Amino acid sequence: MAQTYQTSVDYTFNTVLTAHLREILQASPREQSYEKNALLMQLERTNKVRVDRGGYMHINVSNVPDQLDPAGPDAIARPYEGAQPASTDGFDDVTLAQFRRKLYAVPIKILHSEELDAGGERALFDLAAQKLKQAKRALENRLAFDLWQTAAVNGAMNGLPLAIPAAPTVGIWGNIDRAQAPWWQSKSTTAFGSFGANLDKLDSMSLQVTAGGGENWDWIVTDQTTFLRFKQQARTYLQINAGAPVSAAGKRLAEFGFSVVEYEGKPVIWDRQCPVGFLYFINNEALKLAVIPGEEFAMTPFVPLHASGQQGRIAYIRWAGQLITFEPRLLGQVSGIIA
């Protein structure tokens, strides 16, 4: 009877502890490590989309070929009058892009010795809350790290450099051969050179990723060194005291520095893991962080560790999703930026 009672107590405590941590997970703002994960944070704010629970994420993509002469004798769309026939040919322009979701997990382990050291139920719950925060940070740091992978890693999420490569005509992306589908290719400028002397190349890329004057890009992510070069160039046009606020004494203030960096009125952010000399033009509708409902920083119940021989209990925080693109031609990368 004593063993049955103890098992019941452990089960009840595991349930209560799990419920407590899930409440913290829902109520608290997203914890970030001291070193910010800027790209992950930005994607979660503006580029997140929820998808089905299936093992693969499928996107229907299509393209009306530019070489199709709308006024030619074989035009599919044509005017008609009276009995003049319309075209019956048609064409199949729908392709299925396919991305595999990726799964992540990080443990929250509470050993029996830690329960004894905590010295009370309240202290134990505080210990569990701290372990939860650490586990969440570890998972976010791993997601942020994988978002900058330059090559496919088994089991890991797609990296931004894979989604917007330096050689956009090469390789398979979303199960579609880029070489065979020009409309599935992002834009690229390599060997950029001196930042200050080649700002016109940024102007050109800005036009390229609008795909013929269509949807405009939304933000740029770059490395810290290139981010500072944006500031350095801005100082060239800075006028000391121009438009500065007036103090209570009626004197003008000399304001230095820039709290926000923009290019063509769009935000520029930097990520600590972005390769030096790179920047990426992002369109929010073209690139998404796809997450599985119910699997975004979801917490499992606590279970005993007895089977492994360890004395304690363990739960996991899970995440499931993938970095995917809907329209790569609206995305661009610039590399080879130097002083």
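Scanning segment 98-114 for residues that are over 22 Å from V51 (Cα atoms) and under 19 Å from the mean Cα position of the chain (by Cα) yields a total of 0. Counting only residues that are surrounded by fewer than 22 Cβ atoms within 10 Å (Cβ to Cβ) and of a type in the set (A, V, I, L, M), which one in segment 325-339 is nearest to L143 (Cα to Cα)? For segment 325-339, the residue satisfying everything is I338. Those strands (runs of 3 or more DSSP E) of segment 17-129 in which 3 or more residues are out of contact with any His (no Cβ under 9 Å at 6 or more places or on another chain) and modelled with pLDDT of 85 or more occupy 48-50, 56-62, 102-111. The sole residue among N158, N141 that is among the polar types (S, T, N, Q), part of a helix (DSSP H, G or I), buried (at least 17 other Cβ atoms within 10 Å of the Cβ) and in contact (Cβ under 8 Å) with a residue 60 or more places away in the chain is N141.
Restricting attention to segment 96-126, the residues being under 27 Å from G294 (Cβ atoms) and not hydroxyl-bearing (S, T, Y) number 15. Being at pLDDT 95 or above, under 30 Å from G196 (Cα atoms), surrounded by 18 or more Cβ atoms within 10 Å (Cβ to Cβ) and aromatic (F, W, Y) holds for only one residue in W319, W270, and it is W270. Listed conditions (1) at pLDDT 95 or above; (2) surrounded by fewer than 14 Cβ atoms within 10 Å (Cβ to Cβ) are all met by A242, apart from (1).
The values are calculated or read from the model by the stated rules, or taken from the named source; none is laboratory data. Owing to the predicted nature of the structure, the values given are computational and were not obtained by experimental measurement. Note: ideal-geometry Cβ built from the backbone for every residue, glycine included; neighbour counts use all protein chains shown.
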